[in-house]
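K.L.:
Following this message is one structure expressed as structure tokens.
The values are calculated or read from the model by the stated rules, or taken from the named source; none is laboratory data. Everything quoted here is computed from the prediction, not taken from an experiment. For neighbour counting, all protein chains shown are included, and Cβ atoms are generated from backbone atoms with ideal geometry for every residue, glycine included.
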Amino acid sequence: MNIPRGLNDLLPEEVLKRRFLENKISQVFSRWGYQEVVTPTFEFYEILAQGAGSIMKKEIIKFFDREGNIIALRPEMTTSIARLASTKIQLEPKPLRLYYIGNVFRYDDKVGSQREFCQAGVELIGINSSKADAEVVALTAECLKNSGLKKFFIDIGHINFFNGIMKSIKVKEEKKQEIKKAILNKNFVLLEKILSLEEIKNREKGFILKMPTLRGGEEVLEEAEKMIDNKLSLFALKEIKEVYDLLRDYGLEEYILIDLGIIRNFDYYTGIIFEGYTDYLGFPVCGGGRYDNLCSKFGENLPSTGFAIGIERLATILEKEDANSLKLEKPDKYLVYYQNNQTYFKKALVVAENIRKKGLIVELEIGKREYEKVLNYARFRGIKYILIIDDDQSGKIKRIEVISEKEEIINL
């Protein structure tokens, strides 16, 4: 039996790796003062659509419930947490520092794309400042470092740099959306074609085509300032500079790049935006930014910022960077074998329980297999020792090392 395209079953080793990363990241979140929240896997479509925008709305998976309501699986977590913050904990002192770990769902028809994947992220709610923006970028870097990732960059930009340019050119809104989508998808051939068909000044065309290449250090800001004259984009450059300087104070300059080609695919962004990249993956491992108007759609004016890390993407990158990075150390595993003798069964239970209390992993042989089959099973499962239960009453027990089959008598 097959499962729908874009979904995966996770086998035990894969689950161990995922939980390992989730625990690493949640520890960092907690140390920075963030508290975990859990929101529903699906909500009313009209709620989740508030933050989606025209591009993301096409990727939302939706259906009807029995009452005829349009229900949707969450395509991301930020909108749900904005709703929660605005309706459940709106009276708590600000800022709110919240984090989450959960699966999100999107239609994506590209070959090899996942329609269900896990994200871990934070939302810093109720404060609008460059220091808040810098905190979430710094926290992103700390999470990536704590996971074991060594080589990565976090590109920071500003959504109003792009918005200012779009407002300054005289083209229809639908064409602006086409330009945005082409830049988002890094389809520069299509971008050039769209621009060639519009009545845009050559200087503006040239700058839009150059925009995705404006990536580097502070010199990028200086170069951009010479090429634009609209106030919105210039103010965006000023805010990028403020956050960049704060990230220097965090000691993160080796990880930070200024990237004026970042747009992001959610319409709720209003300020600083950022994405994390490595040499091992052709798309971001994480991303986020400022969204000052989303909470107001649910009744509270709460300027906010946050980010999300793709857990599967991070696991893939870590193993490409170091094949042993997710080979987890495990405690020794034991198998208690009572030789299919019912009179030894109760003793086997006691032995197993005593070893588990020491923090070790113990399986009890509950079939009726002969010893050779039990030994083969133990080798396959990575079990280190088999304990043989017999009628000995002295407190000693025979222990067999599975690989070498070396026997010894031990005290329990």
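K.L.:
Name the residues in the range 199-236 that are within 34 Å of the chain's Cα centre (by Cα), touching a residue at least 24 places away in the same chain (Cβ under 8 Å) and over 16 Å from Asp155 (Cβ atoms), would you?
P.N.:
Phe207, Ile208, Leu232, Ser233, Leu234, Phe235
K.L.:
Could you please give the count of residues in the range 237-266 that are of a type in the set (Lys, Arg), touching a residue at least 12 places away in the same chain (Cβ under 8 Å) and not in a loop (DSSP other than H, G, I, E, B)?
P.N.:
1
So that you can scan it fast, the table gives a plain yes or no per residue for (1) modelled with pLDDT of 95 or more; (2) out of contact with any helix residue (DSSP H, G or I) (no Cβ under 6 Å at 6 or more places or on another chain); (3) surrounded by 13 or more Cβ atoms within 10 Å (Cβ to Cβ):
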residue	(1), (2), (3)
Glu13	no, yes, no
Phe29	yes, yes, yes
Val37	yes, yes, yes
Gly53	no, yes, yes
Met56	no, yes, yes
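K.L.:
Select the helices (runs of 4 or more DSSP H) contained entirely in the range 58-169, then report the ones holding at least 2 residues which are under 17 Å from the mean Cα position of the chain (by Cα) and over 26 Å from Leu237 (Cα atoms).
P.N.:
Per the criteria, 78-87, 130-146.
K.L.:
All but one of (1) touching a strand residue (DSSP E or B) at 6+ places or on another chain (Cβ under 6 Å); (2) more than 30 Å from Glu174 (Cα to Cα); (3) surrounded by fewer than 16 Cβ atoms within 10 Å (Cβ to Cβ) hold for Ile101, so report the exception by its number.
P.N.:
The one condition Ile101 does not meet is (3).
K.L.:
Within the bounds of the range 94-110, is there any residue that is of a type in the set (D, E, K, R), more than 21 Å from Ile273 (Cβ to Cβ) and either in contact with a helix residue (DSSP H, G or I) (Cβ under 6 Å, 6 or more places away or on another chain) or at pLDDT 95 or above (or both)?
P.N.:
yes
K.L.:
Does any residue of the range 298-305 turn out to be surrounded by 24 or more Cβ atoms within 10 Å (Cβ to Cβ) and among the polar types (S, T, N, Q)?
P.N.:
yes
K.L.:
Restricting to the range 118-131, and then to whatever is among the hydrophobic types (A, V, I, L, M, F, W, C) and surrounded by 23 or more Cβ atoms within 10 Å (Cβ to Cβ), can you tell me which residue is nearest to Ala82 (Cα to Cα)?
P.N.:
This residue is Ile125.
K.L.:
Continuing with the same structure: Suppose we filter the range 315-357 for residues that are among the hydrophobic types (A, V, I, L, M, F, W, C) and touching a Ser or Thr at 6+ places or on another chain (Cβ under 7 Å); how many remain?
P.N.:
Residues meeting the conditions: 2.
K.L.:
Still on this structure, I have one more. If you take the residues in the range 266-287 that are more than 18 Å from Val243 (Cβ to Cβ) and of a type in the set (D, E, K, R), which one is surrounded by the most Cβ atoms within 10 Å (Cβ to Cβ)?
P.N.:
Asp267
K.L.:
State all residues of the range 268-323 that are among the β-branched types (Val, Ile, Thr), closer than 21 Å to Ile127 by Cβ and part of a strand (DSSP E or B); if no residue qualifies, say none.
P.N.:
Ile272, Ile273, Thr305
K.L.:
Restricting to the range 71-97, name every residue that is more than 27 Å from Phe117 (Cα to Cα) and among the charged types (D, E, K, R).
P.N.:
Glu92, Lys94
K.L.:
Separate question: Being within 19 Å of Lys396 (Cβ to Cβ), outside any loop (DSSP other than H, G, I, E, B) and not assigned by TED's automatic domain parsing to the domain that holds Arg19: is that true of Val362 here?
P.N.:
Yes; evaluated as a whole, the condition is true for this residue.
K.L.:
Working carefully through the options Ile403, Ile397, Ile386, Ile410, find the one that is touching a residue at least 24 places away in the same chain (Cβ under 8 Å) and more than 45 Å from the chain's Cα centre (by Cα).
P.N.:
Answer to the selection: Ile397.
K.L.:
Restricting the search to the range 308-367, which residues are touching a residue at least 40 places away in the same chain (Cβ under 8 Å), β-branched (Val, Ile, Thr) and in contact with a helix residue (DSSP H, G or I) (Cβ under 7 Å, 6 or more places away or on another chain)?
P.N.:
Of everything in the range 308-367, those that are touching a residue at least 40 places away in the same chain (Cβ under 8 Å), β-branched (Val, Ile, Thr) and in contact with a helix residue (DSSP H, G or I) (Cβ under 7 Å, 6 or more places away or on another chain) turn out to be Ile309, Ile311, Val336.
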